[in-house]
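Comments concern the structure below.
The values are calculated or read from the model by the stated rules, or taken from the named source; none is laboratory data. Being a predicted model, the structure only gives us computed values, none of them experimental. Backbone-built Cβ (ideal geometry, glycine too); neighbour counts: all protein chains shown. Note: areas computed on protein heavy atoms with side chains; ligands, DNA, RNA excluded. Shrake-Rupley method; radii C 1.70, N 1.55, O 1.52, S 1.80 Å.
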Amino acid sequence: RADEKFLEECSIPSFQSSGLWVMVWGCIMRDIKGPLILLDYPGGRGGGMTAERYQQQVLDGLLKEFWDLQKVTKPHMLFLQDGAPAHRAKSTINWFQVHNIPLIYHPPNSPDLNPIEPIWHILKSILRQSSRLTTSENELRKAVQDAWNALTIDKVNHQVDQMLDRVGAVLKAKGGHTRF
């Protein structure tokens, strides 16, 4: 109401973004928080995430090392990625085939059931709760890495463990909306 417009309990705090941002890639699995990669991402016209950048910065580096290490004790692993253009490019699919990394099919326009998605939300919450004020890209990169380090395995396991429930809910809803 007009007479309440300046009351604290009627106000919703907001903040302006600093314009600083970084692009990251990370992976999780039950009981394991994989590597977080802070990508070199020029952005702008022609500077988006291409298949070549994805393969060079993620697949050829830390993912391959991480996969090979985990494969020793988990020989039946599958890899899940969403339908981003860099992920579904022919050269990327070929990369996975050459390196013998089986992919879980991710249909186009499907509900995003990848358990990493809620992890990104949790990571952003950890960043917002941090008292650190970042004024440079390097400070933001450090803050993001610190937030990833602060992410608990319990939170990772919770999201991974919900995967069957998520898929079941989508099937029950015949591809419609779910609580996930």
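Please report the base-10 log of the normalised intensity I(q)/I(0) for the stretch 81-180, using a Debye sum with one equal scatterer per alpha carbon and no solvent, at each q in 0.19, 0.24 (1/Å).
Here log10 of I(q) over I(0) equals -1.05, -1.15.
Straight distance only, please: which aspartates and glutamates reach the Cα of Lys174 with their own Cα at less than 16 Å, same-chain residues fewer than 8 apart left out?
Asp112, Asp165
Quote the charge dipole size of the chain about the Cα centre in Debye, to the nearest 20; the model charges only the Cβ of Lys and Arg (+1) and of Asp and Glu (-1).
Here the size comes out at about 440 debye.
With each label point set 7 Å from Cα along the Cα-Cβ vector, what nm distance links Thr50 and Gln129?
4.0
Compute the accessible area per residue over the chain, keeping the other protein chains in place, probe 1.4 Å, unit Å².
67
May I ask you to work out the translational diffusion coefficient for the stretch 33-122 at 10 °C, viscosity 1.306 mPa s, via Stokes-Einstein with Rh from the Kirkwood sum over Cα pairs, reported in whole µm²/s?
Taking Rh from Cα pairs, D becomes 111 µm²/s.
Treating cross-link reach as a plain straight distance, find the aspartates and glutamates whose alpha-carbon is under 13 Å from the alpha-carbon of Lys155, omitting any fewer than eight places away in the same chain.
Asp31, Glu117
Which of (i) 1.12; (ii) 1.22; (iii) 1.00 is the computed Cα Rg over 2.2 N^0.38 Å for the structure on display?
Among (i) 1.12; (ii) 1.22; (iii) 1.00, the one calculated here is (ii).
Do the alpha carbons of any pairs in Lys71/Lys142; Lys64/Lys90; Lys33/Lys142; Lys74/Lys124; Lys71/Lys172; Lys74/Lys172 sit beyond 21 Å of each other, and which pairs?
Lys71/Lys142; Lys74/Lys124; Lys71/Lys172; Lys74/Lys172
Which one, His99, Thr134, Leu39, projects farthest toward the positive side of the charge dipole computed for the chain from Cβ point charges (K/R +1, D/E -1)?
In the chain, that residue is His99.
For the chain, take the longest principal axis of its alpha carbons; what is the angle in degrees between that and the long axis of helix 137-150, to the nearest 10 within 0 to 90?
70
Step through the residues of the stretch 68-74 one at a time and calculate ³J(HN,Hα) from phi using the Karplus curve (6.51 cos²θ - 1.76 cosθ + 1.60, θ = phi - 60°), rounding each to whole Hz and writing x for Gly and Pro.
Result, ordered by residue: 4, 5, 6, 4, 4, 9, 10 Hz.
Between Leu7 and Lys71, 0.36 nm times their residue separation minus their Cα-Cα distance comes to what?
17.3 nm
Could you calculate the FRET efficiency of Met23 with Arg179 from 1/(1 + (r/R0)^6), where r is the beta carbon distance between them and R0 is 30 Å, rounded to 0.05?
Calculated transfer efficiency: 0.55.
Ordering Trp95, Trp120 by accessible area with a probe of 1.4 Å, largest first, what comes out?
Accessible-area ranking of Trp95, Trp120, largest first: Trp120, Trp95.
Pull out the extension gain between Arg30 and Arg88, defined as 0.36 nm times the separation in residues minus the alpha carbon to alpha carbon distance; nm, one decimal.
Stretched fully, the Arg30-Arg88 segment lengthens by 18.4 nm.
I'd like the orientation of helix 116-129 relative to the chain: the angle between its Cα long axis and the longest Cα principal axis, in ° from 0 to 90, rounded to 10.
Long axis of 116-129 versus the principal axis of the chain: about 40 degrees.
First compute the accessible area of the chain with a 1.4 Å probe, then give the percent of it belonging to carbon and sulfur atoms.
55
Using amide H atoms built 1.01 Å from N in the peptide plane, name the residues 5+ places from Leu103, or on other chains, whose amide H lies under 5 Å from its own.
Here the answer is Phe79, since their amide H atoms fall under 5 Å of that of Leu103.
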